[in-house]
Amino acid sequence: MRIVIAGGHGQIALRLERLLHARGDEVAGVIRRPEQAGDLLAAGAEPVVCDLETASVGDLVRHLESADAAVFAAGAGPGSGAGRKDTVDRGAATLFADAAEAAGVRRFIVVSSMGADREPAEGTDPVFAAYLRAKGAADTDVRSRAGLDWTVLRPGSLTDDPGTGLVALDESTGRGAVTRDDVAAVLLALLDEPGTAGRTLELIGGDTPVAEAVKNAAAG
């Protein structure tokens with residue numbers, strides 16, 4: 001398969017790129033800064049320099065035309081303000097979905113966030129609240145598209161601990177943490193499981209092997 005990942009220099013994206021490359025898939029990562037290209041090459045991915053905040057649909061279509069699947073894993077990142085949460089976490093997701101539809105790429109996976117399905121609680125940090133609202137708006141947009149076989153993945157609190165290969169994956173899991181390694185492993189399995197299309201799934205650490213958890217999610 002050929003997979004194109006938006007936010008290709010992110011911590012989860014780099015892990016996913018390594019997994020895809022290791023099993024022989026072709027993977028490209030969309031990045032904003034040319035100096036990030038070396039890290040993608042080291043992960044086995046083709047770097048595609050394209051700023052998702054200023055690009056047009058046409059700019060992205062040419063990179064997506066030969067793809068079998070697209071993964072939106074971009075984010076404004078720590079230290080960014082509320083404005084960039086909207087332009088990246090919402091606006092870039094919408095743009096990437098537009099481009100995937102225009103390029104005829106049906107399989108589309110979004111890395112979202114737990115809590116994006118509700119209004120942030122009173123007293124939530126304003127920037128984090130803007131992030132959750134942006135993620136929620138992006139999810140709503142993607143889920144409205146008949147031209148995409150979408151899956152929205154909402155991980156819990158992310159950690160850099162080594163992956164366990166054991167997760168809880170369901171429409172509602174309750175709060176919890178999950179390693180970035182395990183998020184990447186779940187994304188890899190979701191790409192192979194078309195039965196998860198049309199599902200919004202929460203993900204935390206658990207006691208079910210990744211492959212089994214994704215199979216169960218597909219079965220509904």
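Couple of notes before you dig in:
- Cα centroid of the range 15-69 to Cα centroid of the range 167-220, whole Å: 23
- Of every Cα-Cα pair in the range 1-104, the percent that sits beyond 19 Å: 37
- A simple rule links phi to the HN-Hα coupling: the Karplus curve 6.51 cos²θ - 1.76 cosθ + 1.60 with θ = phi - 60°, which for the range 133-146 gives 5, 5, 4, x, 5, 5, 4, 4, 4, 5, 5, 8, 9, 6 Hz, with x for Gly and Pro.
- Long-range amide H partners of I109 with built H, under 5 Å: A70, V71, F72, T151
- Assuming charge only on the beta carbon of Lys and Arg (+1) and of Asp and Glu (-1), the dipole of the range 56-192 about its Cα centre is about 240 debye to the nearest 20.
- Counted charge near V178, where neighbours are those whose Cβ lies closer than 15 Å (Asp, Glu -1; Lys, Arg +1): -3
- Note: relative contact order over the chain, using C-alpha pairs below 8 Å and six or more positions apart, is 18 percent.
- Local net charge near R107, Cβ-Cβ under 15 Å (Lys/Arg +1, Asp/Glu -1): -3
- Here is the size of the range 75-205 from its Cα atoms: Rg then Dmax, 14.5, 42 Å.
- Most simply put, the chain has about 15% antiparallel DSSP beta bridges, counting only bridges with both residues inside it.
- Spin-label model, D59 to E193: label points 7 Å out along the Cα-to-beta-carbon direction sit 3.5 nm apart.
- For the chain, calculated [θ]222 nm from helices alone, where every DSSP H run of n ≥ 4 adds -39500 (n - 2.57): -11000 deg cm²/dmol
- Remark on R199: its backbone amide H falls under 5 Å from those of V152, a criterion applied only to residues 5 or more positions apart or on other chains, H modelled at 1.01 Å from N.
- Amide N of the range 72-97 lying under 18 Å from the label point, which is placed 7 angstrom from the Cα of T124 along Cα→Cβ: 75-91
- Across the options L191, G79, L203, the greatest Cα extent toward the positive end of the charge dipole of the chain (unit charges at beta carbon of Lys, Arg, Asp, Glu) belongs to G79.
- For V27, distant residues with modelled amide H under 5 Å away: I3, E46
- Over the C-alpha trace of the chain, radius of gyration and Dmax come out as 15.9, 47 angstrom.
- A simple rule links phi to the HN-Hα coupling: the Karplus curve 6.51 cos²θ - 1.76 cosθ + 1.60 with θ = phi - 60°, which for the range 22-32 gives 4, 9, x, 6, 9, 9, 10, x, 7, 10, 8 Hz, with x for Gly and Pro.
Read-outs: derived from the displayed coordinates by stated rules, not from any lab. Please read all numbers here as calculations on a predicted model, not as lab measurements. With ideal geometry, Cβ positions are generated from the backbone for all residues, glycine too; neighbour counts draw on all protein chains shown.
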